[in-house]
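Participant: One structure follows; several queries about it will come next.
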Amino acid sequence: MKTYLVTGGAGFIGSNYIHYMFRKYDNDIRIINVDALTYAGNLENLKDLEIRDNYIFIRADITDKAAIEKIFSEYDIDRVVHFAAESHVDRSIKNPEVFVRTNVLGTAVMLNCARAAWEKPDGSYPEGKKFLHVSTDEVYGSLPDDGKSYFYETTPYQPHSPYSASKAGSDMLVKSYMDTYHFPANITNTSNNYGPYQFPEKLIPLLIHNALSGKELPVYGDGMNVRDWLYVDDHAKGIDMVQEQGRLFETYNIGGHNEKRNIEIVNLVIETLSEELDDSDPRKKNISKDLIRYVTDRKGHDRRYAIAPDKIKAEIGWEPETTFAEGIRKTIRWYLSHEEWMQHVTSGNYQKYYEDMYGDR
Ligand code: NAD
Ligand code: TDX
């Protein structure tokens, strides 16, 4: 039985990945989820897994070297899947330091502890020990709005936001461990994910939450920025396939040629929500394009992201399975049937966050 150490497993992608892995491997794996439970970490996402003997949650900060060392000494870890990060670009513009701390220092601690636990005296590593670093396409910077240029694994790094700069720093550290210590790792750079359990600071759940509450839908700038959307389960599958079938030391871009302008997303969310709500639902009458409000643009707003997933397709055979029309409907249905989840995450501090972020836009 393989033992996985998953960092950031209480967040959006991490929790979807853990669910995916138990659906796929059931009792053939053990997962240790290490998460500091910041505002973005939510154990409600994993509630149904608590009865499992092969699921362990440990609350720890990845920058806490002693805590991470202890986990490696107590468990014989085969796989690390490293999600834990500060992940929201707007927050990074307001408060960059915490991004450097968690994303750069935290990754250094994870790498160091894994290396200390795994490396043999001759500098080699036991068969089967693998570290996968989950990163973003934002490290590559912004593409021209031409609909035909793409991010490849060989595209030079040109991050613009403090978030993407900190992720680029973490990627470079992983690369340095591979080059210097022959450390057994992979990096995945992925486009915008969407799906269940995403915190409503990110575009799609924010739109769903605001529309259902009859609140304005803030669109940054001209709404024509392009993002390349990937359903989170397809990402989870890609991560597992890279770790099991990919070549060690390689980077793989994960994305599915699903480019949309932000305003298209806004319109699609409005249309799909209207279709999904019963005519008798009082929220339905508020949901219309009248809610759209163009607001001050994000500073340094990258114009276009688009991944070329050629390498992962050719080498590993991964392709996304969920079309955007299908994925957005599934996502909206999930939020409509998890109103309590949304209420819990939007009470308290979320109100203050929203006021700070959008109050003066
Ligand atoms: P998220 O913000 O939803 O979750 C992050 C998780 O990390 C939370 O559970 C949080 O509690 C935990 N965490 C934060 N700081 C920590 C610390 N110091 N120690 C331990 N745990 C800590 O993020 P997400 O959207 O699920 O993203 C996961 C990873 O995927 C990140 O590395 C992100 O850069 C990357 N990524 C995200 C997207 C996306 O569209 N969301 C796309 C590409 C890559
Ligand atoms: O209120 C909003 N209005 C708006 O127009 C918000 C929150 C966003 N936007 C725009 C900004 C972006 O062009 O929508 C687009 C998507 O924004 P986010 O959901 O904040 O995602 P993005 O900045 O593209 O970054 C996401 O994808 C890459 C994740 O948050 C990152 O963690 C990941 O690395």
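Participant: If you check Asp356 against the conditions, is it closer than 29 Å to His160 by Cβ and in contact with a Lys or Arg (Cβ under 8 Å, 6 or more places away or on another chain)? I'd like the intermediate steps shown before the answer.
Facilitator: Numbers: closer than 29 Å to His160 by Cβ: yes; in contact with a Lys or Arg (Cβ under 8 Å, 6 or more places away or on another chain): yes.
Yes, satisfied.
Participant: Go over the candidates Asp290, Asp279, Asp297 one by one and state the one that is closer than 23 Å to Gly147 by Cβ and either out of contact with any Asp or Glu (no Cβ under 8 Å at 6 or more places or on another chain) or acidic (Asp, Glu) (or both).
Facilitator: Values: Asp290 fails: closer than 23 Å to Gly147 by Cβ; Asp279 fails: closer than 23 Å to Gly147 by Cβ.
None of the other options fit; the residue is Asp297.
Residues are listed down the side, and each one gets a yes or a no for (1) without any contact (Cβ under 8 Å) to a residue 60 or more places away in the chain; (2) touching a helix residue (DSSP H, G or I) at 6+ places or on another chain (Cβ under 6 Å); (3) within 14 Å of ligand 1 (Cβ to nearest atom):
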site	(1), (2), (3)
Thr154	yes, no, no
Pro159	yes, yes, yes
Asp179	yes, no, no
Asn189	no, yes, yes
Asn193	no, yes, yes
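Participant: If you take the residues in segment 45-59 that are surrounded by 14 or more Cβ atoms within 10 Å (Cβ to Cβ) and outside any strand (DSSP E or B), which one is nearest to ligand 2 (Cβ to nearest atom)? Full working, then the answer.
Facilitator: Here is the first cut: in segment 45-59, the residues surrounded by 14 or more Cβ atoms within 10 Å (Cβ to Cβ) are 45-46, 49, 52, 54-58.
Checking which are outside any strand (DSSP E or B) leaves us with 45-46, 49, 52, 54.
Details: Asn45: 17, Leu46: 20, Leu49: 24, Arg52: 28, Asn54: 29 Å.
Among residues in segment 45-59 that are surrounded by 14 or more Cβ atoms within 10 Å (Cβ to Cβ) and outside any strand (DSSP E or B), the one nearest to ligand 2 (Cβ to nearest atom) is Asn45.
Participant: Assess whether Lys260 counts as being of a type outside the set (Gly, Ala, Ser), within 11 Å of ligand 2 (Cβ to nearest atom) and closer than 24 Å to Asn16 by Cα.
Facilitator: Yes; evaluated as a whole, the condition is true for this residue.
Participant: Select from segment 82-101 the residues that are touching an Asp or Glu at 6+ places or on another chain (Cβ under 7 Å) and without any contact (Cβ under 8 Å) to a residue 60 or more places away in the chain and list them in ascending order.
Facilitator: Of everything in segment 82-101, just one residue is touching an Asp or Glu at 6+ places or on another chain (Cβ under 7 Å) and without any contact (Cβ under 8 Å) to a residue 60 or more places away in the chain, namely Val98.
Participant: Name the strands (runs of 3 or more DSSP E) wholly within segment 125-236 that hold at least 2 residues that are over 15 Å from the mean Cα position of the chain (by Cα)?
Facilitator: On the way: elements: 130-136, 185-190, 217-220, 226-228.
So the answer is 130-136, 185-190, 217-220.
Participant: Something else now. Return the total of residues in segment 10-40 being part of a strand (DSSP E or B) and surrounded by 23 or more Cβ atoms within 10 Å (Cβ to Cβ). Can you show your working first?
Facilitator: Looking only at segment 10-40, we keep the residues that are part of a strand (DSSP E or B), and these are 29-35.
Pick out the ones that are also surrounded by 23 or more Cβ atoms within 10 Å (Cβ to Cβ) and you get 31, 33-35.
Of the residues in segment 10-40, 4 are part of a strand (DSSP E or B) and surrounded by 23 or more Cβ atoms within 10 Å (Cβ to Cβ).
Read-outs throughout are calculated quantities, based only on the coordinates presented, and are distinct from any laboratory measurement. Bear in mind the structure is a predicted one, so any value in this text is a computation, not a measurement. Neighbour counts are summed over all protein chains in view; Cβ atoms, including those assigned to glycine, are modelled from backbone coordinates with ideal geometry.
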